[in-house]
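Encoded as structure tokens, the structure appears first; notes follow it.
The values are calculated or read from the model by the stated rules, or taken from the named source; none is laboratory data. Predicted model, so just to flag it, every value in this text is computed and none were measured. Virtual Cβ from ideal backbone geometry, glycine too; neighbours counted across all protein chains shown. We work out accessible area using only protein heavy atoms, side chains counted, and drop any ligands, DNA or RNA first. Shrake-Rupley method; radii C 1.70, N 1.55, O 1.52, S 1.80 Å.
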Amino acid sequence: DTIRKMKVDFRHMEAEMDDLAANMAAISASSARVSAALQDRHRRGAQLAGVQALLRKLQALVEVPGRLRRWAGTEPARALRCHARARAVLRHYRHLPSFRAIEDESHAIMAELAQRLRTRLRCETLDPKELTECVEMLLQLEEPAEELSEEFLSQAGARLEAELVALEAELPVADPSGTATTPPPPASDILDFVDRGSSAFVGTLCQLAGSYRALFGGDTGRLEPFAAALAARYFALLEQRLALERGLGDTSLLVRALDRFHRRLRALLELLPAGADAAAELVARAARERVDRYLRALQTFFLGCLGDVRQALAAPRPPGKEGPGLPDLLATLAASVLGQLKAVLAYVQLFTARDVAFASLPYFKGEFCVTAVREGLVVSFVRWLCRTARGFADGPAERGAPAAPPALLLLLARLCLDYENSTISYILTLTDEQFPPQ
């Protein structure tokens, strides 16, 4: 029964398959007839679509002069993009009269735009961004790059000159009579001066130099001497301002100002590597000058303490009352001088702090620690102290002046002996610990 049933089912399936094959053949024949009938229409439709696209392009080219005229006055950047898209096609088909007319009209419109841009380029109120955009559009109009680079640097120089004049106005005016007078104090502290110079002059110079390199590529033959001359003027103004810090003032404020100057100058030094040495030397000179002032301050302090000792020795004593003895005066003098020297070293150490950017310069890792601090400050002060002490014994007799009191000579002799035995060794060890030479 099962086999018989399977035979019947297969007979029905075979008949259905024959019907399906016949239907598929009929469908294929119908499809072939339809394709043959529509083939010409498809070809004609494709041709019409191509003609329509070409007409759109031609329409766009015909409308180019009108668009350029409409946008040239209000949206020059948009006009430039429109002209850039059409320029290659117009040049390619220039031999056709219709295309030549469109190109000539477009060229006349863009020439007028170039003239307006050149007039705007000479405007003194352009900021760096507007100046860059103006030159960039002129380059897109195929204006001579040589002339544009000169005009760019001329306008940039005028703006940077104004920044330098504003900084120079903050410095005291020299006396025209030439007499040596003390200049009035500056209107702002050194940190404010550096902040204004860094944000105004250095920031603008970096922006303009970066724009120049972006506009004119690697051609820096004019940029480097241009930037170097302006940077040298800025360094000179900063050095004049540093020279006004006549007193010791706030050393931490000076260090912060020099640190900010060095940090904000890094972007400029990437464009102008030759200025790195001048900037580093400026910072080093300021540090050396402050160390020299500390040396003079130590000398003045020692002479003041010595004057107090002389007054104590010469002061009259009431009957039955004794004044301070030599050991007490010596201890007070030695402690005061040593304490003042430690305080000076603490102030000077601010120049080599870890969070100070210029402390990583080779000068502050070696020469400053050894030459400026150890030899120029500590050793020089000790030698001056010894010469001063010897001068009290030898100097007056040679000049015929009254000799120093014997008690003062005895005190100074003991002070020098203590320095020879222990104090000098202690001071130099402390200096080497705080300013380790590399």
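Key figures
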quantity	calculated
Members of the range 77-105 found to be open to solvent by less than 60 Å² (accessible area, probe 1.4 Å) and at pLDDT 80 or above, listed by number	A77, A79, L80
In the range 126-138, the residues that are more than 20 Å from the chain's Cα centre (by Cα) and open to solvent by 50 Å² or more (accessible area, probe 1.4 Å)	E130, E133, E136
Failed item, numbered, when T332 is tested on (1) more than 21 Å from the chain's Cα centre (by Cα); (2) open to solvent by less than 70 Å² (accessible area, probe 1.4 Å); (3) at pLDDT 90 or above	(2)
Number of positions in the range 106-125 that are open to solvent by less than 80 Å² (accessible area, probe 1.4 Å) and either closer than 19 Å to A145 by Cβ or assigned by the TED database to the domain that holds G217 (or both)	7
Scan of the range 351-368 for residues that are aliphatic (A, V, I, L, M) and not in a helix (DSSP H, G or I), ordered by number	A353, V356, L361
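Each row is one residue, and each column tells you yes or no for (1) open to solvent by less than 70 Å² (accessible area, probe 1.4 Å); (2) in the same structural domain as L253 (by the TED database); (3) of a type in the set (D, E).
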| position | (1), (2), (3) |
| --- | --- |
| Y347 | no, no, no |
| T352 | yes, no, no |
| W384 | yes, no, no |
| A404 | yes, no, no |
| E433 | no, no, yes |
